[in-house]
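K.L.:
Submitted below is the structure of interest, expressed as structure tokens.
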Amino acid sequence: MTESEREKIKLRAAYLNGLALIFFGIGGFGPAFALLDTFQWKNLILAFVWLWAGGMSSWELHRFAQRKLD
């Protein structure tokens, strides 16, 4: 494998890790903070579900990026 191919793989993995951070930040924390504003149990549970979904999608993107480096 040439040096340029290795660098392309690293760049792709870094891009995917950046997407993972965006998924967690916007997809997880954004709706969670928006729903926590009302302090109702239904919204609290929904906020945690959104936070979990954002975290899991972020984790999967991160793992995919790690597999790209292998």
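K.L.:
Just for region 36-54: of the residues that are outside any helix (DSSP H, G or I) and not aromatic (Phe, Trp, Tyr), which one is farthest from Gly25 (Cα to Cα)?
P.N.:
Gln40
K.L.:
Starting from residues that are surrounded by 15 or more Cβ atoms within 10 Å (Cβ to Cβ) and farther than 24 Å from Gly18 by Cβ, keep the ones in region 41-67 and report whichever is farthest from the chain's Cα centre (by Cα).
P.N.:
Going through the qualifying residues, I end up with Asn43.
K.L.:
Still on this model: Can you name the residue in region 13-33 that is over 24 Å from Arg67 (Cβ atoms) and either surrounded by 13 or more Cβ atoms within 10 Å (Cβ to Cβ) or charged (D, E, K, R) (or both) and, of all such residues, is modelled with the lowest pLDDT?
P.N.:
Once the filter is applied, the top-ranked residue is Ala32.
The values are calculated or read from the model by the stated rules, or taken from the named source; none is laboratory data. All values derive from a computational prediction rather than experimental measurement. Quick reminder, even Gly has a Cβ in these numbers, built from the backbone with ideal geometry, and neighbours come from all protein chains shown.
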